[in-house]
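Asker: One structure coming up, written as structure tokens, with questions to follow.
Derivation of every value follows stated rules applied to the coordinates shown; laboratory data play no part. Note that the structure is predicted; figures quoted are calculated from it, not measured. Reconstructed Cβ throughout: ideal geometry from the backbone, glycine too, with neighbour counts over all protein chains shown.
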RNA sequence: GGCGACGUAGCCAAGUGGUAAGGCAGAGGUCUGCAAAACCUUUAUGCGGCGGUUCAAAUCCGCCCGUCGCCUCCA
């Protein structure tokens, strides 16, 4: 089976065909850097990482852009409150964001454009839209997009614009635009903006939110590209508006596949600071959970289903990661007789992993194939009925799956090399144990623990692990 | 009010017509000087409820119940 994605645009699973046979152009909506990103944000970024990794594994060359929104109402307000410049303020949160990406082993995108660095590109698009009479200047001198000029407006979210206009939450009085459903491309300068403004042919002001993504995506990926992703909350209005702006500007189709990640909820409820169920990834690590555990937790659910975060669930993920790591280390020291059924089991595992991933990134299915193989081989390993060469083949399978799952198994295998000094202590301890000198053996175990190695005695001798 | 998603074991989660994957937790066991870890066995006559279609339904249809999301700048 070939790779299929659920496309929000058609609300169907579609076979994936990039515009250019081996290249994929991918735009992923990134953070607004007004605060630390939370575990819900990272669910989406992790989904995008899995997407990127699977495309790579499927032999596509991926060019990924992730924008950084470093100017908006919140960043301006908070930097003003703190009494520092917008740049100073966002600088820190950009760094924190990259640290968090790194800790979760999210592979870097090719480009991380910042909104403030693309003002001229936005101005160019807006100017063109004004010339085409698709945009207009409102009573407050801000520039708005006239959605009635875009026939398919609302299609992405399956929303009728006619109903929008009478929507309960929209009050006409508050706006200087002609229709409540129109949206801002350029916001004219307001006192509250402080020293955040750009003098442009459009007037003194700052960009609206949606326009940055149109400008930055098209700049790096061209007017028409393959995949655009984000959280479900971005479907409307953000992504709809991007389509309207971009297609009106270029006259051609903007994006072929729109993929959206469902939200993470906490204890069955929307995460919010007032409920006390709001966590950043840093909060999670402070509680003693590992980045890989959190990664596995995200992967254990399909990206289009709501994911209910609980500490019990996270603990389960941690346990699963341990089990996988342990299995891989066991494989490393395997040396027995060849296991005749291995080739069949392995090819089945490869096939099921691939089928799961190809089916709209069904990670729970893919992960199950890994566990099934472990369930089959653990008893085999117990009986030493697998050869060193075969164990290597199984390790290759795990490394293959790990290119997508990202549990750092390659590093684990490298680290599993035990320094000579440690080996010496282990054999010394074994000697003491044989002589029933348990005081000495326990002492050595303690010493090893201080050097961050843990000993596990098994019928076939001691095993050592790094902690 | 409009649009939409979801409801499978104690918890998490696959499965969209052929008789319930997988994980965690629990229970029992193996191993062990102790410890820790690991490994093995085991856990849903049933998939929110009630009807219907069918030889066959978690899967299709209808109604109901429940949870949640979006509906103008929240991933």
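Asker: For the stretch A:420-466, build the convex hull from the C-alpha positions and give me its volume per residue in Å³.
Answerer: Dividing the Cα hull volume of the stretch A:420-466 by its residue count gives 63 Å³.
Asker: How large is Rg/Rh for the stretch A:29-76, to two decimals, with Cα atoms and a Kirkwood Rh?
Answerer: When Rh is taken as the Kirkwood radius, the ratio is 1.09.
Asker: Cα-based Rg (one decimal) and Dmax (whole number) for chain A, in Å?
Answerer: 26.9, 92
Asker: Compare the peptides A:275-284, A:187-196, A:26-35 by average per-residue count of other Cβ atoms within 10 angstrom and give them in order, highest first.
Answerer: Packing order, densest peptide first, comes out as A:26-35, A:275-284, A:187-196.
Asker: At a threshold of 8 angstrom on Cα-Cα distance, excluding pairs fewer than six apart, so keeping six or more, what relative contact order does chain A reach in percent?
Answerer: 16 percent
Asker: For a quick protection proxy, order the peptides A:422-434, A:9-21 by their average other-Cβ count within 10 Å, most packed first.
Answerer: The peptides rank, most packed first, as A:422-434, A:9-21.
Asker: Further question on the same structure: Just grab the label-to-label distance for residue A:14 and residue A:438, each label 7 Å out from Cα along the Cβ direction, in nm (one decimal).
Answerer: My value for the distance between the label points is 6.9 nm.
Asker: So, one more: Give the separation of the Cα centroids, the stretch A:68-108 to the stretch A:303-348, in Å.
Answerer: 36 Å
Asker: While we're here: Calculate how steeply helix A:86-103 sits against the longest principal axis of the alpha-carbon atoms of chain A, using the helix alpha-carbon long axis, and give the answer as 0 to 90 degrees to the nearest 10.
Answerer: 30 degrees
Asker: Something else now. Alpha carbon centre of the stretch A:365-389 versus the stretch A:280-300: separation in Å?
Answerer: Each part reduced to its Cα centre gives a spacing of 27 Å.
Asker: Relative to the longest principal axis of the C-alpha atoms of chain A, give the angle of the C-alpha long axis of helix A:342-358, reported between 0 and 90° and rounded to the nearest 10°.
Answerer: Roughly 20 degrees between the two axes.
Asker: Would you mind putting A:258-268, A:39-49 in packing order, based on average other-beta-carbon counts within 10 Å, highest first?
Answerer: Listed from highest to lowest mean packing, they are A:39-49, A:258-268.
Asker: Counting pairs of alpha carbon atoms under 8 Å apart in space and at least six apart in sequence, what relative contact order in percent does the stretch A:1-95 give?
Answerer: It rounds to 30 percent for the stretch A:1-95.
Asker: Let me check against my output: what whole-number percent is the relative contact order of the stretch A:311-415, with C-alpha pairs under 8 Å and at least 6 apart?
Answerer: 39 percent
Asker: Then there's this: From zero up to wherever the largest Cα-Cα distance of the stretch A:1-125 sits, split into 5 Å bins and tell me the percent of pairs in each.
Answerer: Per 5 Å bin, starting at zero, the Cα-Cα P(r) for the stretch A:1-125 comes out as 2, 9, 16, 19, 17, 15, 11, 6, 3, 1, 0, 0 percent.
Asker: Moving to a separate point now. What translational diffusion coefficient, in µm²/s and rounded to a whole number, does the Stokes-Einstein relation yield for the stretch A:311-415 at 20 °C and a viscosity of 1.002 mPa s, taking the hydrodynamic radius as the Kirkwood radius over Cα pairs?
Answerer: Here the translational diffusion coefficient equals 152 µm²/s.
Asker: Against the longest alpha carbon principal axis of chain A, how many degrees, from 0 to 90 and to the nearest 10, is the axis of helix A:388-405 turned?
Answerer: For helix A:388-405, the angle is close to 20 degrees.
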